[in-house]
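One structure is given here, and the rest of the page talks about it.
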Amino acid sequence: MEKNSAQMKLAHNPCTLVTQGFSVIWKNPFSMIKWRKFNGEPIGIPIYDAVEHAIKKENAAGYKLKVCIGTDSQVKGQETEFATVIVFLREGHGGFMFIHNEKTRQQFSIKERMLVEVAKSIEIAYELCNLFTLYNVDMEVHADINTNPHFKSNDALKEAMGYILGMGFAFKAKPEAFASSSCANKVVN
């Protein structure tokens, strides 16, 4: 079965929707929420602009970057806190990250919470992926889901993997998903 040209273009760049010859770049209200650096310093510009600035700065310094995006959550009493991180890895020279936290009183099953984490990561990855394509930066979405079927989070693995891969993104789960299971985890604990 042949794909039409719009489907083929979408498959190569999941950030651009091409319909009847028109391209639509998806912009997201997630970009206007508050992000901060690891040291707590607020990022006072939209996250898209902050990420582009970081990529340009690192490229000018001669670093090859890879970006990993992940979300973790922690239930604390009646609230669930989510932390989403954008981790910038400088090949052979450490890294840094941008962080966003939010809380909700909505109750989730473990599987639902895992899938909400994945959705939050995909949401920001989708907003930023044009930048990663433009500046030739590899990007992965990390899910805090265990590949071992003996863990409860494993119930969400198939859906999460299908969701992430279906969007055209590289996917990592535990134990390789350090952006969610280590970096974001430290922010919510």
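The values are calculated or read from the model by the stated rules, or taken from the named source; none is laboratory data. Because the structure is a prediction, the values reported are computed rather than measured. Cβ: placed from backbone, ideal geometry, glycine included. Neighbour counts: every protein chain shown. Side chains included, ligands, DNA and RNA excluded: accessible areas come from the protein's heavy atoms. Shrake-Rupley method; radii C 1.70, N 1.55, O 1.52, S 1.80 Å.
Quick grid of which residues meet (1) at pLDDT 95 or above; (2) within 19 Å of the chain's Cα centre (by Cα):
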residue: 13; (1), (2): no, yes
residue: 29; (1), (2): no, yes
residue: 40; (1), (2): no, no
residue: 84; (1), (2): yes, yes
residue: 88; (1), (2): yes, yes
residue: 93; (1), (2): no, no
residue: 100; (1), (2): yes, yes
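Among the residues of region 138-153, what is the count of those that are at pLDDT below 90 and either open to solvent by less than 30 Å² (accessible area, probe 1.4 Å) or assigned to a strand (DSSP E or B) (or both)? Reasoning before the result, please.
Keep residues of region 138-153 that are at pLDDT below 90, which gives 144-153.
If we keep only those that are either open to solvent by less than 30 Å² (accessible area, probe 1.4 Å) or assigned to a strand (DSSP E or B) (or both) too, we end up with 144-146, 153.
The number of residues fulfilling the criteria is 4.
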Name the residues in region 118-137 that are free of Cβ contacts under 8 Å to residues at least 24 places away in the same chain and in a helix (DSSP H, G or I), would you? 134
Could you give every pair whose Cβ atoms fall below 7 Å, whose first residue belongs to region 164-189 and is assigned to a helix (DSSP H, G or I), and whose second residue is open to solvent by 50 Å² or more (accessible area, probe 1.4 Å) and not hydrophobic (A, V, I, L, M, F, W, C), counting only separations of at least 6 or pairs across chains? 181/174; 188/74
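Can you pull out the residues in region 154-189 that are modelled with pLDDT under 85 and in contact with a strand residue (DSSP E or B) (Cβ under 8 Å, 6 or more places away or on another chain)?
Start the filter on region 154-189 by keeping residues that are modelled with pLDDT under 85, which leaves 154-163, 165, 189.
Once the filter is applied, which keeps residues that are modelled with pLDDT under 85 and in contact with a strand residue (DSSP E or B) (Cβ under 8 Å, 6 or more places away or on another chain), region 154-189 yields 154, 156, 157, 160, 161, 165, 189.
Could you please give the count of residues in region 49-104 that are of a type in the set (Asp, Glu), within 23 Å of residue 138 (Cβ to Cβ) and touching a Lys or Arg at 6+ places or on another chain (Cβ under 9 Å)? First the steps, then the outcome.
Filtering region 49-104 for residues of a type in the set (Asp, Glu) gives 49, 52, 58, 72, 79, 81, 91, 102.
Restricting the remaining residues to those that are within 23 Å of residue 138 (Cβ to Cβ) gives 49, 52, 58, 72, 91.
Narrowing further to those that are touching a Lys or Arg at 6+ places or on another chain (Cβ under 9 Å): 58, 72, 91.
Within region 49-104, residues that are of a type in the set (Asp, Glu), within 23 Å of residue 138 (Cβ to Cβ) and touching a Lys or Arg at 6+ places or on another chain (Cβ under 9 Å) number 3.
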So how many residues does region 69-106 have that are open to solvent by 60 Å² or more (accessible area, probe 1.4 Å) and free of Cβ contacts under 8 Å to residues at least 40 places away in the same chain? 11
With the requirement that a residue be more than 20 Å from residue 167 (Cβ to Cβ) and open to solvent by 60 Å² or more (accessible area, probe 1.4 Å), what does region 107-134 give you? 107, 110
